[in-house]
Amino acid sequence: MTAATSNRNIPELGAIRFENVTKTFGSVTALDDVSVSFAANKINVLLGLSGSGKSTMLRHINGLHKPSKGGVWTLGTPVHSAGAATLRGLRNDVGMIFQQFHLVESMSVLENVCTGKLGSLRGPRFGLWSYPRAVREAAMEQLARVGLADKAFQRAGTLSGGQQQRVAIARALIQRPTVLLADEPVASLDPLSSAGVIELLTRISREENLTVICSLHQVPIALEFADRIVGLNAGRVVLDRPAAGMTHDDVDGIYAPIPVDERTELAG
Amino acid sequence: MTVDTDASHSAHTGIPHTDASHTGTSHAKVPLPPRPRPSANRIAAGSTLVIILIAAIWSVVALEINVASMVRSLDNAGNFVSRIFPLDFPPLGELLVMTGQTLAIVVVATVLAVVLSLPVALFAAANTTSGPVMRGVSRTIIVMCRAVPDLIFAIVLFRLFGLGALPGILALGLHSIGMVGKLYADAIEELDGGPAEAVRSAGGSRLQWITSTVIPQVMPQLIATALHRFDINLRTSVLLGYVGVGGIGLELANALRTMQYQRGMALALVILALCIALEMLSGAIRASLLGRVPANRRGVLGFIDRVAAGWITAPRGGRELQRGKDGRVRIAPQWDRERIGRFAGVALTIAIVALATVYADLDFSTLAEDLLALPQVLGTFLPPSPQDLIDTLLEAMLVTVQIGLAATLLGLVLALPIGVFAARNVASSGFVANLFRTIIVIIRGLPELILAIVFIVITGLGPIAGTLALAIGSVGLLGKLVADSLEETDVRVQDAVRATGATPIQVFFAATLRQAAPQFIAHVLYQLDVNIRSATLLGIVGAGGIGFYLLNASRVQEFDVVTFIIVMVLVTVLAVEAVAVWTRKALR
């Protein structure tokens, strides 16, 4: 925790660094000798086909996965060797949002947002009343920020997909993170809700100077949203450059077909 | 059974039998691809089913359950009816006291079961366990608690703690872990792991993500399962009256032991009414909790719905961010009808549990002393020995298994038509389906003990009474399971078959029954498992089998015989369960 905090404002270290990371699940190689680093306060978009390793990469940043080989440093913390307590401290500084929102549908919107603060609270919590008043107020402020204060006491499962994703963003923001991971945040949404969620993510990331790593499927959104684009194909980085001035054609190479022998390997 | 074996072949090849009809047309004959051979496992499972069926038929014959013995019993039935009238109800005050005592024991036992089952289930579920060792230990606890009948827990615990409510509560509570823990673990394993992962990625510890995401998600199932177990415990507590568990069951046992049939049958009637009433009430609450009721019900049911609404329905939204005078944000929901209802429900539950705990009059004063005596008491149970009864005991165990087999077969014959008519997608009208559903609920409410007592008086002591009681009891569970599995079939398949011009009967056999067949087999095997356990227990009232010897041995304090019987029962029950689980898996 102290390491993470003391390093969070030293951009030259790179906010996040992958060094020769290989990750295998059984016989499947999800990441293949990946070395890449992400500077602080920038919006980075990962592009690539399903199964190219985008999610696996994101999940290494907060230690949901540990590398089979190589090392990952996030905010100065060596994630590959970190123990449970260190990881908890690091995760407190790293917010994450997911394709399927991952809200408890039977809980109120407000309580869902409060769960984002669990990393800095001690002990188990059950029910809205069990969170300190300051946390509930902070949750309300974040809900107002994503435009859903009026839904605070509604059950999360009754909201639309776009609204649920905004609740999930509020849940990540209540952590006051320095890094925000977004795993295909708009893949389950219709185009209109997608635009709203991306617009919100962009605005908040700029306001808070967040380091964003976001995986996406929609190239046009990526080109508009990103400072930098990293392309993955079969677990390898095949493209890595600033988004400014990039065109559709520049990105197309990422989606080149994988050689047949490797594809079967991936499918297995 | 033959129909089913046939059907499972077609499922295996994926080729419907109707393909053969093509050969009669003008098209070129399509050669049938070779049929893949069914796996050795499936053949073995199929043979097991056939063997079980033959064993069940043999049991019906061996136990002499036939028309002749029924006719012979007719006289007895007449005598019985003349002996129980007029019914002799105890004074209302006395009746309320004993009913209260029963309910208090059952409430506390069920709460105990929930409190013990939840941690066991969290360790037993793959997604919340701390590791394979704890998972194995928890699974073993669940299996053992289920395999040891509550009656056996009661005998041992009475020996340990002496008379009083405590041994009864512990016996019911411990045995309940077998079912409640299993159902809780299943519910937890079926959860969507997303919210837990979200909290984990925000730095939440295991205990935090369990209490903040897992428990809220399974809460409706936790409560529904507890209510279901409450009904079962109520029925069992009556049976445990025979070994000294207080309340209405004890009074019933005393009345029957002293041949006071008028009093006994009056008490049986009260128990019957109590069981059916509570079964219906808990059924309504469960349906409401799991979100299976129409909106806007009024009265008591409406209240139940509003209480359950906390977990199911959507409250009205649309409130702006509110600030107090000091500029602080309002962070508590308003006290609307729904919130008041939910809090009233929680308060009522707490009050009932508190009242029951006080009323059960638990005496912990000698607890420490009793526990210190545990090794010595257990010593009297060891080593297990049949004394000189080995042949008798083995034969009685066989009779118990025969009762279970015969009861399941007879129950199936009765449950099939009732279940079919209770399925809403098969019955000719909603009225018919509701009528048969109600019949099933009433049968489910009948305590098997009461049925056994009635049949004992009619057919005399022995296995026929036990078999008939269990057969009728099976109709309640099996009928419900049959109806449920028919209703869960894919209606689009039925539509497709109907669209070809098939008659309703053809639709039923080709689409509905065909789809539900695997579940049917699973349910019947489960019922067999349940019936063999119950057959053990019913023996204590004289309905045949091993239970009678178990009660006797404990009365005359031959605890080594008790242990021998316990081991026999355990081995049998675990073996039957293993066969059932394996067969279900092989035929899936």
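The values are calculated or read from the model by the stated rules, or taken from the named source; none is laboratory data. Owing to the predicted nature of the structure, the values given are computational and were not obtained by experimental measurement. Methodologically, a virtual Cβ is constructed for each residue, glycine included, from the backbone with ideal geometry; neighbour enumeration extends over all protein chains shown.
Worth pointing out:
- Test for B:S130: is it in contact (Cβ under 8 Å) with a residue 24 or more places away in the chain, of a type in the set (S, T, N, Q) and surrounded by fewer than 19 Cβ atoms within 10 Å (Cβ to Cβ): yes
- Wholly within the range A:38-141, helices (runs of 4 or more DSSP H) carrying at least 2 residues that are surrounded by fewer than 19 Cβ atoms within 10 Å (Cβ to Cβ): A:84-93
- Helices (runs of 4 or more DSSP H) wholly inside the range A:156-268 that include at least 2 residues being β-branched (V, I, T) and at pLDDT 90 or above: A:161-173, A:191-208
- Condition broken by B:L451, with the remaining ones in (1) within 23 Å of B:L281 (Cβ to Cβ); (2) in contact (Cβ under 8 Å) with a residue 40 or more places away in the chain satisfied: (2)
- Scanning the range B:533-557 for residues that are of a type in the set (A, V, I, L, M) and over 22 Å from B:V457 (Cα atoms) gives B:A553, B:V556.
- Pair list, Cβ under 7 Å, 6 or more apart: the range A:96-120 residue at the interface with chain B (Cβ under 8 Å from one of its Cβ atoms), other residue aromatic (F, W, Y) and surrounded by fewer than 23 Cβ atoms within 10 Å (Cβ to Cβ): A:S106/B:W311; A:S108/A:F153; A:L110/A:F153
- B:V530, sole failed condition from (1) assigned to a helix (DSSP H, G or I); (2) more than 27 Å from the chain's Cα centre (by Cα): (2)
- The residues of the range B:472-528 that are surrounded by fewer than 19 Cβ atoms within 10 Å (Cβ to Cβ) and aromatic (F, W, Y), listed by number, are B:F509, B:Y526.
- Members of the range B:100-127 found to be out of contact with any Gly (no Cβ under 7 Å at 6 or more places or on another chain), assigned to a helix (DSSP H, G or I) and touching a residue at least 12 places away in the same chain (Cβ under 8 Å), listed by number: B:G100, B:L103, B:A104, B:V106, B:V107, B:V108, B:T110, B:V111, B:V114, B:L118, B:L122, B:F123
- Within the range B:561-588, the residues that satisfy the criterion of being of a type in the set (G, A, S) and out of contact with any Ser or Thr (no Cβ under 9 Å at 6 or more places or on another chain) are B:A575, B:A578, B:A580.
- Residue in the range B:218-237 that is in contact with a Phe, Trp or Tyr (Cβ under 6 Å, 6 or more places away or on another chain) and surrounded by fewer than 18 Cβ atoms within 10 Å (Cβ to Cβ) present: yes
- Check on B:T489, within 25 Å of the chain's Cα centre (by Cα), more than 17 Å from B:T408 (Cα to Cα) and without any contact (Cβ under 8 Å) to a residue 12 or more places away in the chain: no
- Of all residues in the range B:194-246 being facing chain A (nearest Cβ under 7 Å) and polar (S, T, N, Q), the one that is farthest from B:I453 (Cα to Cα): B:S201
- Restricting B:E189, B:E197 to residues that are within 30 Å of A:L90 (Cβ to Cβ) and within 23 Å of the chain's Cα centre (by Cα) narrows the list to B:E189.
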